[in-house]
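Some notes on the structure that comes next.
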């Protein structure tokens, strides 16, 4: 009779033990973060950079990677609304690619913010922006 009681008690306590057991923590890998530098005023170079950004988003998943493109020097010219790649830049921005223009280069090239594709961010210094991102763990690419 005692063994039967033990069996009943064990059967009653087993679900409680499962509830009280610590749950395994699911570890989510950190987001990939990539900064792409473009300092060429060449549409082929820009198409390569934008294509690279899209490939990375496809490979990792748009929600698992942050991609930033930083334009420096003559590359800033390609961020203008009337550039050959303006539509591709707008498309990249719509896919949550951060596109930034170097403020120093804009001043040097006499380009106003109003001339840029919508939603392009202007940073004080493109080079400094890249350095800051690298320091905080971003991977640097220059296609």
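Note on region 109-126: residues that are out of contact with any helix residue (DSSP H, G or I) (no Cβ under 8 Å at 6 or more places or on another chain) and at negative phi total 3. Annotation: residue 132 fulfils all but one of (1) out of contact with any helix residue (DSSP H, G or I) (no Cβ under 8 Å at 6 or more places or on another chain); (2) in contact (Cβ under 8 Å) with a residue 60 or more places away in the chain; the unmet one is (2). The residue that is nearest to the chain's Cα centre (by Cα), among those in region 59-71 that are farther than 11 Å from residue 95 by Cα and either touching a residue at least 40 places away in the same chain (Cβ under 8 Å) or in a helix (DSSP H, G or I) (or both), is 68.
When region 104-138 is examined, which residues are found to be part of a helix (DSSP H, G or I), surrounded by fewer than 19 Cβ atoms within 10 Å (Cβ to Cβ) and over 15 Å from the mean Cα position of the chain (by Cα)? Across region 104-138, the qualifying residues are 104, 107, 108, 109, 113, 114, 115, 127, 128, 131, 135. The test for being in a loop (DSSP other than H, G, I, E, B) and out of contact with any helix residue (DSSP H, G or I) (no Cβ under 7 Å at 6 or more places or on another chain) holds for residue 23.
Evaluation of residue 44 against the conditions (1) more than 22 Å from residue 129 (Cα to Cα); (2) not in a helix (DSSP H, G or I) shows that the sole unmet condition is (2).
Give me a count of the residues in region 72-98 that are within 27 Å of residue 28 (Cβ to Cβ) and either in a strand (DSSP E or B) or in contact (Cβ under 8 Å) with a residue 12 or more places away in the chain (or both). Here the count works out to 6. Within region 13-32, at least one residue is touching a strand residue (DSSP E or B) at 6+ places or on another chain (Cβ under 9 Å) and modelled with pLDDT under 95.
Table: residues versus (1) farther than 17 Å from residue 46 by Cα; (2) surrounded by fewer than 19 Cβ atoms within 10 Å (Cβ to Cβ); (3) out of contact with any helix residue (DSSP H, G or I) (no Cβ under 6 Å at 6 or more places or on another chain).
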site: 60; (1), (2), (3): yes, yes, yes
site: 68; (1), (2), (3): no, no, yes
site: 72; (1), (2), (3): no, no, no
site: 78; (1), (2), (3): no, no, no
site: 97; (1), (2), (3): no, no, no
site: 102; (1), (2), (3): no, no, no
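Of the residues examined, residue 50 is not one that is at pLDDT 95 or above, under 22 Å from residue 130 (Cα atoms), in contact with a helix residue (DSSP H, G or I) (Cβ under 6 Å, 6 or more places away or on another chain) and not in a helix (DSSP H, G or I).
The values are calculated or read from the model by the stated rules, or taken from the named source; none is laboratory data. Just so you know, these numbers come straight off a predicted model, no measurement behind them. Note that we place each Cβ from the backbone using ideal geometry, even for glycine, and neighbour counts take in every protein chain shown.
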